[in-house]
Structure formats: structure tokens, C-alpha cells
Amino acid sequence: MKVLYIGDIMGEPGRRAVARTIPRLVAQREIDVVVGNGENVAGGFGITPELAEELFSMGLSAITTGNHAWDKKEILDYFPRERRLLRPANYPEGVPGQGSVVIETAAGEELGLLQLMGRAYMPTLDCPFQTAKREMARLKKRVAAVLVDMHAEATSEKMAMGHYLDGEATAVVGTHTHVQTADEQILPRGTAYLTDIGMTGPLHGVIGVKKELAIEKFLTGMPRRFEVASGPTVFCAVLIELDARIGKALSIERLRILD
């Protein structure tokens with residue numbers, strides 16, 4: 001099975017990049033499953049039901065989010081209705097939505113997808129490591145292969161999760177920082193790992209934001225409403241090949257495509 005995971009999709013430019021790139025990649029690389037992080041698709045902050053449906057129509061089988069999951073109030077009622085839209089599993093009990101899903105390919109193979117959120121420099125949630133153990137045990141009763149999205153700020157926390165789940169998860173990949181890292185690898189016990197997939201969106205911005213606005217905030221220290229940058233785009237993703245029968249990763253490849 002080949003799984004394409006798209007990094008944080010930023011605003012309308014990111015959605016355009018996804019729409020242009022997915023059909024070609026799926027055909028050329030014979031990809032079975034496409035998933036992506038969509039917490040920034042609504043003008044850089046949050047996701048709406050309409051935009052989630054737009055991403056599903058582009059070919060995404062599931063969408064993860066993160067700390068911006070709740071930025072658009074209209075999404076609150078959508079989370080419980082749409083199991084393919086995930087929020088971090090380590091949110092407290094009673095929060096709308098779910099943190100994992102099982103995806104079935106056209107060929108009938110199944111893949112578990114689990115989302116977690118780190119706690120270093122992030123909102124305080126339940127322990128992602130304890131949540132990971134609990135959720136992995138539950139998912140493994142149904143599927144052998146599980147892909148984990150670790151939405152976190154700290155590189156060390158993402159790396160720790162990768163090693164913590166090495167041999168249990170098929171892959172652990174990071175989202176949130178919008179900057180693609182160059183440390184893709186297969187860990188000693190067979191788990192594919194990448195610290196951060198990167199961002200799909202404006203190339204000439206500050207993590208997707210208009211550079212002038214970001215620079216102004218750094219210069220003055222004053223609050224500033226951010227807007228998504230325009231211009232050329234970058235498509236960042238990771239391609240993971242795995243054996244769904246035994247849950248082991250066979251290869252991991254970073255993708256960074258400029259438009």
C-alpha cells in the first residue's frame with residue numbers, strides 16, 4: 001500500500017496546490033490512500049464543513065487537524081457527523097469528534113490513522129504518549145497498519161513519539177511547524193518517521209502568512225491580524241509504502257513540489 005500524506009494545507013493557495021497536484025501524483029506513483037492536515041485551510045485558521053467536503057472531493061480519504069481545529073465555530077457540529085475528519089485523540093473526553101479512523105482502500109486493504117497533539121509550547125491536553133498506547137492497542141485489534149500524525153511544536157517531542165511507537169506504529173509523521181525536515185528514516189524496529197512534513201501553500205510567506213505582516217509583528221511586538229500570502233505555491237508531502245498485512249513500513253520519501 002502507498003500512502004500520500006500532505007502537510008498542513010494553508011488557505012486557498014494550499015487548496016489550489018492540492019487540487020493541481022494530487023491527480024498527477026496518484027496516477028504517476030500508483031498511490032492508494034491520500035490524507036492531509038487541514039487545520040489551516042480556512043484562511044489559515046481552522047476548517048469549515050464546506051472546505052472539508054472540498055478536500056474530500058479532491059481525493060482525500062481523511063483529514064487531520066490540530067490546535068486550530070476549533071477556530072471556525074461551524075465545525076463543532078460537523079466533527080461528530082464526519083468520522084473522516086479527526087482532531088487530536090488526547091483532547092479530554094466529551095470533546096466533539098474523534099482522534100482516529102480506519103480507512104479502506106479501493107482494493108479492500110485497511111489502514112488506521114491516529115492523530116495526537118504535543119504539549120510542549122502547545123495547549124495543555126492529556127498525555128499524548130499514554131493516549132498513543134491506549135489508542136494503538138484499540139486500533140491494532142482491527143488493523144495491522146497504523147499511521148500516526150504527531151501535531152507538535154517541539155522536534156524533541158515528535159522524535160520521542162517516533163521512538164516510543166517504533167515497532168508498533170507503521171509510521172509516525174509530524175505536522176504543525178510548516179517547515180519540512182530532512183530526517184526521513186525507518187527507525188530500528190521498522191517504523192517510518194519524519195519530524196515534519198511541511199506546509200502546502202504559499203512559497204514566499206512566513207509559514208504561509210504574508211511576510212509583511214509577520215515582519216511587522218516581530219518589529220513592533222503588537223498584535224496583528226495575519227493573512228495568507230499569495231504567489232507561487234509549494235506542495236509538501238510524504239510518500240510511505242507499507243505492507244498492510246504485517247503493518248511494517250517499506251520506504252519513506254519526502255516530496256516538495258514547487259509551482
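No lab work stands behind these numbers, since they all come straight from the coordinates. Worth saying up front: this structure is predicted, and the values here are computed from it rather than measured. Please note: Cβ atoms are built from the backbone with ideal geometry, for glycine as well, and neighbour counts cover all protein chains shown.
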Sort the following peptides by mean Cβ neighbour count (other Cβ atoms within 10 Å, averaged over residues), highest first: 169-180, 61-72. 169-180, 61-72
Note, segment 189-200: 3J(HN,Hα) by Karplus (6.51, -1.76, 1.60, θ = phi - 60°), whole Hz, Gly/Pro = x, goes 9, x, 8, 6, 9, 8, 5, 8, 6, x, 10, 10
Bins of 5 Å, beginning at zero and ending with the bin holding the largest distance: percent of Cα pairs per bin for segment 116-217, please. 2, 13, 21, 20, 17, 12, 7, 5, 2, 1, 0
Working out 0.36 nm times the residue gap between Glu74 and Lys140, then minus their Cα-Cα distance, what length gain in nm do you get to one decimal? 20.5 nm
Rg and Dmax of segment 187-259, Cα atoms only, in Å: 17.8, 55
Ratio of Rg to Rh over the chain (Cα coordinates, Kirkwood Rh, two decimals): 0.94
Rg to Rh for segment 33-94: what is it, with Cα atoms only and Rh by Kirkwood? 0.93
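Would you kindly state how much longer the chain becomes between Glu110 and Glu93 on full extension, computed as 0.36 nm times their sequence separation minus their alpha carbon distance, in nm to one decimal?
Residue separation times 0.36 nm, minus the Cα-Cα distance, leaves 3.5 nm.
Return the calculated 222 nm mean residue ellipticity for the chain, to the nearest 500 deg cm²/dmol, obtained by summing -39500 (n - 2.57) across DSSP H runs with n ≥ 4 and dividing by the residue count.
-7000 deg cm²/dmol
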Which distance in Å, rounded to a whole number, links the C-alpha centroids of segment 184-201 and segment 1-74? 18
Listed highest first by mean packing, meaning other Cβ atoms within 10 Å per residue, what order do 192-203, 214-225, 134-145 come in? 192-203, 134-145, 214-225
Rounded tilt (10° steps) of 11-29 against the dominant C-alpha axis of the chain: 40
Order the peptides 116-129, 8-21 from the highest to the lowest mean number of other Cβ atoms within 10 Å of their residues. 8-21, 116-129
Output the direction-averaged projected area (hull surface divided by four) of the convex hull of the alpha-carbon atoms of segment 173-225, in nm². 4.8
Need one word for segment 1-140: rounded, prolate or oblate. Basis is the Cα gyration tensor (sqrt eigenvalues a ≥ b ≥ c); a/c below 1.5 gives rounded, then a/b vs b/c decides. oblate
FRET efficiency for Gln130 and Phe45, using Cβ-Cβ distance with R0 set to 22 Å, rounded to 0.05: 0.15
